[in-house]
Structures are given as structure tokens and as C-alpha cells.
Amino acid sequence: MARRAREDDGFEIQGQIGEGAFGRVMHARDGRGRVYAIKTFKAPPTSTSGREQMVGLPAPTVREVTMLRAMKHENVVRLHKVIVDKAELSLSIAIDYAEYDLGAILTWHRRHRRYVHPRMVKSATWQLLHGLWYLHSNWIIHRDIKPQNVLVMGDGSECGVVKIADFGLARFVDPASVLRPLHENGPVVTLWYRAPELLLGARHYTRAIDIWAAGCIFAELVTLVVPFKGIPKEKEDPRTMYQYEQLESIVKHKGTPTVDQWPLVIDHPYYDKAKSCLFADSQSELVKPDERAPMRDKALAPEIRHVFEELCAYDPEKRPTAYEALTDFDYFAKDDPEPKRNIFDYEGNAGDARVVYPHRKIVQAEKPHDDEIKRKASDGGSDQTATREEGEVKRTRV
């Protein structure tokens with residue numbers, strides 16, 4: 001079994017944060033007491049003449065580490081150290097440890113039926129877009145922006161700072177290869193945050209898919225409701241980007257995408273296949289936008305609705321870049337409320353009235369002299385520890 005990062009690597013393992021198909025994530029401290037997340041990857045076994053052999057690290061692992069080594073931005077998770085075990089073909093990375101993520105924070109607010117404070121919404125969105133601005137400026141598409149991959153730092157000098165994490169699906173797309181068909185990589189982006197061009201089978205897509213996902217997260221922070229929540233009625237082929245119920249959810253909210261809104265919509269591979277959900281029963285009558293949708297609530301400020309409509313525009317060419325959103329939108333131009341570096345820094349969130357979110361669950365490690373922590377059986381999964389509330393809740397404003 002692979003040697004884990006331990007004291008001889010400068011870290012003391014405190015416990016396990018998560019485990020998935022890639023390996024596991026551990027909670028660790030260095031000699032100065034600083035806390036890190038140690039993410040350990042292991043090469044997948046392959047069968048050769050009835051015997052399992054290790055064939056090398058998966059390409060996504062190599063890409064993720066390569067990207068993390070190249071990036072340095074406050075709103076992107078930072079790589080501190082790479083630990084390689086050549087004998088066992090394992091690789092570990094020490095990255096920022098974040099006490100929270102937006103998925104867990106949203107779950108808490110739904111359970112307690114309390115809206116996220118407006119300043120916290122703006123601060124989190126502001127920082128998420130700054131992180132995307134940095135990634136996109138360096139020709140990186142994240143391809144899996146969702147609340148669970150948007151970390152929030154706990155106590156310390158970076159308390160309340162948002163950091164984009166999990167680059168397993170990310171890709172470098174430099175100008176020379178911008179037309180390379182990324183669809184060959186298979187499905188990307190968690191379903192509820194997947195842009196319509198992906199659902200319609202786009203062979204070429206851009207950084208705009210991250211902007212759509214950011215718009216979905218913004219709406220969720222504002223309303224506590226996932227704006228486009230398709231629940232498959234039947235098991236659909238996970239190898240295809242087309243998911244009928246998810247596309248139907250978008251159309252019910254936004255209405256039928258017309259050629260005026262999105263000139264290239266009819267050229268997508270799954271356009272004809274999707275006509276039954278793009279149009280009303282006659283397949284010629286346009287579906288009208290749902291005026292009862294939470295993000296169309298007239299009680300919301302116009303600039304808030306504007307952010308959502310622009311970030312989640314049907315036509316990817318019409319979505320703003322992260323930089324344009326930060327510099328052109330009235331929502332961010334207004335100082336009331338002013339975005340903060342610490343998203344927990346807002347009026348009334350202090351003393352006995354302070355909101356206390358549950359800390360990330362850590363399974364305590366076994367005795368220090370044990371070289372290995374017993375692996376739990378797993379058929380795959382994710383390194384995320386927060387789970388999403390499947391049901392939407394009725395809420396009262398506070």
C-alpha cells in the first residue's frame with residue numbers, strides 16, 4: 001500500500017476528511033502548527049495475466065497537480081507541497097485546509113430556514129468571480145464549478161476567504177488549441193450547474209460554462225433554491241451530456257431559447273432530440289418564462305436579477321466574462337453592501353448573534369505508530385464531505 005504523508009514529510013496526520021475513487025484527503029499539521037489538507041492519489045490497478053499491476057498516475061491527477069503548481073491567487077486553493085512515492089506510484093499534495101464550503105453553508109441555511117446575509121452573498125460571489133477571472137486569464141476552464149468546490153477558510157489570517165478547489169476536470173485551453181473539441185473528454189460539470197450548450201451536446205465550448213455555473217451559485221445564495229434542478233425520472237446514460245430533465249428545468253425557468261436570443265442554438269447536435277422539452281406540446285409554441293421562479297421575485301433588487309440573467313444567458317457568447325461582471329454590473333458597483341475579504345464579516349454577525357456553521361467532519365486517525373490507516377471499502381465517489389439538501393424548503397425571511 002502507498003506510503004501516506006506522515007511526520008517524516010513534515011506533517012502530523014490528525015484524521016481523515018474524505019475518501020473517494022481518487023484516494024483520500026487527510027487533515028494534517030506541520031511543525032509550526034499550520035493546518036493543511038493532504039490529498040493522496042494512487043495509480044489505478046490494471047489486470048495483466050491475472051495479476052494486478054500499477055500502471056501510473058491517471059491523467060486527471062497529473063493535470064490537477066500541474067495546474068495547482070502553476071497557480072497563485074488568493075481565491076484559488078494553494079498547493080504547498082508535493083510528496084511523491086516512486087516505489088508505490090502514489091502522489092500526495094498538501095493544499096489549503098478550508099473549514100467550510102458553500103455547499104455546507106447553504107445546507108445549514110436551508111435547514112435553519114434563514115437567508116444568507118446580502119453582504120455575505122455579494123462577498124462570496126465577488127471572490128468567486130475574482131477566482132474565475134484569474135483562471136480564465138490563464139486559459140484554464142474549471143469545468144466543475146459547484147458549491148461544494150467553492151471552499152471558505154476558517155479561523156486564521158484568511159478567515160472567510162473563498163477559494164476555488166478540485167481541478168480534476170479542469171483543462172488548459174491555450175489560444176493555439178482553442179478549437180480543440182473538448183466534448184471528447186466526456187460529461188463535465190455537475191448536472192444542476194451544467195450550461196445549456198453542454199446539455200445540447202456542444203462539440204466546442206468555452207470558459208462561459210464556468211460563468212453559467214457561477215450564476216447558478218449566485219441564485220442559490222440569494223434564494224436558497226437551486227435555480228435549475230432537473231431530477232431524472234429514468235436512469236439516463238451518464239456518458240452523454242444530454243439530460244432531458246435538466247434541460248427541461250432550464251426551459252421552464254427561462255422559456256424557450258429563440259434564434260434571436262441564441263443564433264447557434266439550432267446547430268447543436270441534440271437540438272432536434274430536445275424539441276419536446278424546448279417547446280410546448282405543439283412543438284411550435286414557445287415556452288414562456290416562469291414569472292413565479294424565485295429569481296424573478298419582484299421583491300429582489302433589479303441589479304440582483306440582472307446579475308443572474310446575464311451570468312445565465314442562454315447564448316454563451318452573450319455571457320459576460322468574470323472581469324466584465326466585476327467591473328460593469330451595478331450590483332458590484334454599489335457600495336451598499338460593500339463586498340468584504342471575509343465573507344462572514346457583516347452587520348450583526350458577532351458575539352452571541354454570530355452564525356456558527358458546523359465544522360468539517362474529521363475522522364480521527366489511528367495511533368501515530370501505525371504506518372497505514374485502514375482503507376474503507378469504496379466503489380467510488382467524491383472527496384466532498386458536505387451533502388446537498390435534496391428537498392427545497394419553505395423559508396421565512398429574517
Surpassing 30 Å at the alpha-carbon level, of the pairs Lys298/Lys318; Lys39/Lys146; Lys298/Lys334, are none
Here FRET efficiency (C-beta to C-beta, Asn349 to Ser137, R₀ 41 Å, nearest 0.05) is 0.80
Inter-part gap, Cα centre of region 240-272 to Cα centre of region 119-166, in whole angstrom, is 28
Counting Lys and Arg as +1 and Asp and Glu as -1 over every other residue whose Cβ sits under 12 Å from the Cβ of Arg69, the net charge comes to +3
Per residue, the convex hull enclosing the alpha carbons of region 100-333 has a volume in Å³ of 139
So His80 and His204, fully extended at 0.36 nm per residue minus their Cα-Cα distance, gain in nm 41.3 nm
From fewest to most C-beta neighbours within 10 Å, the residues Thr321, Thr40 line up as Thr321, Thr40
The long-range amide H neighbours of Ala98, using H built 1.01 Å from N in the peptide plane and a cut-off of under 5 Å, are none
Assertion target for Glu64, Glu197, ordered by fewest C-beta neighbours within 10 angstrom first, is Glu64, Glu197
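Values quoted throughout were computed directly from the atomic coordinates according to the rules given, and no laboratory measurement underlies them. Because the structure is predicted, anything quoted here is derived from the model rather than measured. Positions of Cβ are backbone-derived with ideal geometry, glycine not excepted, and every protein chain shown enters the neighbour counts.
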